[in-house]
Amino acid sequence: MLVKTITKKLNYRIVDYLLDNIGIVTSIAKKLGSKKANVSRALRELEAEDIVTKHEVGKSHSYGFNYLHPDAKGAISFILMNRANELNTRLNNLPKFINAYLKLALGENYLGLVVFGSSLTQKYPDHYNDIDLFIILNARKKNGDIINVLKSINQKISPLIGSKEELKKGIINEDSLYKNIIKGVPFGCWDLIFNLRYCPFLFMRKDIEERFIIGYREIQSCKKYQDDTSYIRNHLEKGIFDIIYALLNYKQAPARDDVEATQLFREIYKLRIPATLKQAELFSERMGKVIFH
């Protein structure tokens with residue numbers, strides 16, 4: 001269902017834009033050259049699928065991509081693959097050719113390359129100053145020959161060579177060069193770039209799933225001891241609130257304590273907090289569809 005939703009032409013263009021930006025309806029419509037009414041309709045459909053999130057900004061709403069969606073990686077993969085194919089076509093198949101060449105020439109030491117910088121937007125070949133490439137290796141070695149070969153393939157190629165660890169370190173240190181590289185289009189290293197680019201969201205997603213499961217197990221354990229009021233009193237509420245905190249984190253609305261969590265949960269999900277074991281069971285099943293849909 002999600003793939004069907006984002007493959008609609010305008011929906012796709014919106015999701016592609018929101019991968020790297022946030023915006024209100026007016027700014028998104030202007031950027032995409034589309035009518036505001038059409039963008040609003042598409043955003044409602046994407047919001048219903050939960051792939052796009054909406055946040056209040058004064059009297060307006062801003063929209064962004066939901067990186068915590070269980071199928072976010074699939075959606076991002078689909079879009080980045082299309083970006084790579086479009087860029088490869090625009091550059092006369094140069095990125096895929098170089099990727100194949102380096103894979104053969106460098107063997108296991110080669111991990112992939114990223115096209116970045118102005119190369120992503122300029123018109124090839126007339127308006128290109130440089131085609132910026134970052135070549136990722138397992139370990140640095142003398143690479144003069146490779147650079148000379150790449151220059152002989154195309155004089156506009158401007159290669160940088162670095163190790164996976166250098167790239168990771170640069171991102172952690174928020175170095176502007178590496179931040180620019182990580183926004184580029186990967187060839188042969190999609191998983192590596194995805195994990196580096198979206199690392200915070202991957203950790204958040206894992207924490208959300210784990211906390212939900214912990215809460216679910218607490219509620220399920222109460223079924224075994226449903227005649228033990230002391231056990232239920234100690235475990236049922238804990239299980240319910242573990243699920244509530246997971247749900248709030250999924251909406252990127254973390255709470256400081258149970259009081260704030262209760263308030264936020266009621267505001268966002270428009271639901272009452274379960275008071276009995278039976279209600280908690282139904283609650284966990286229903287909310288599981290939110291987290292794992």
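The values are calculated or read from the model by the stated rules, or taken from the named source; none is laboratory data. The structure displayed is predicted, hence computed values, not measured ones. Here the Cβ is made from the backbone with ideal geometry for all residues, glycine too, and neighbour counts use every protein chain on show.
Before moving on, here are some points about what is shown:
- Taking the range 65-106 as the range and being of a type outside the set (A, V, I, L, M), within 19 Å of Asp191 (Cβ to Cβ) and part of a helix (DSSP H, G or I) as the test, the residues that pass are Lys73, Gly74, Ser77, Phe78, Asn82, Arg83, Asn85, Asn88, Pro95, Lys96, Asn99, Lys103.
- Any chance Pro200 is out of contact with any Leu (no Cβ under 7 Å at 6 or more places or on another chain) and over 30 Å from Ile98 (Cβ atoms): yes
- Close pairs from the range 179-203: first assigned by TED's automatic domain parsing to the domain that holds Leu167 and touching a residue at least 60 places away in the same chain (Cβ under 8 Å), partner assigned to a helix (DSSP H, G or I) and of a type outside the set (A, V, I, L, M), Cβ under 6 Å, at least 6 apart: Ile182/Arg197; Val185/Arg83; Phe187/Pro95; Phe187/Asn99; Gly188/Asn99
- Contact map, the range 247-274: residues that are of a type in the set (A, V, I, L, M, F, W, C) paired with residues that are surrounded by 13 or more Cβ atoms within 10 Å (Cβ to Cβ) and outside any helix (DSSP H, G or I), Cβ distance under 6 Å, separation 6+ or inter-chain. Pairs shown: Leu248/Ala255; Ala261/Ala255; Leu264/Ala253; Leu264/Ala255; Ile268/Lys251.
- So Val149, is it touching a Leu at 6+ places or on another chain (Cβ under 6 Å) and not small (Gly, Ala, Ser): no
- Residues in the range 148-158 that are closer than 12 Å to Leu94 by Cβ, within 34 Å of the chain's Cα centre (by Cα) and not basic (Lys, Arg) were compared, and the one that is surrounded by the fewest Cβ atoms within 10 Å (Cβ to Cβ) is Asn154.
- Asp20 being surrounded by fewer than 16 Cβ atoms within 10 Å (Cβ to Cβ) and either touching a residue at least 60 places away in the same chain (Cβ under 8 Å) or within 19 Å of Ile76 (Cα to Cα) (or both): yes
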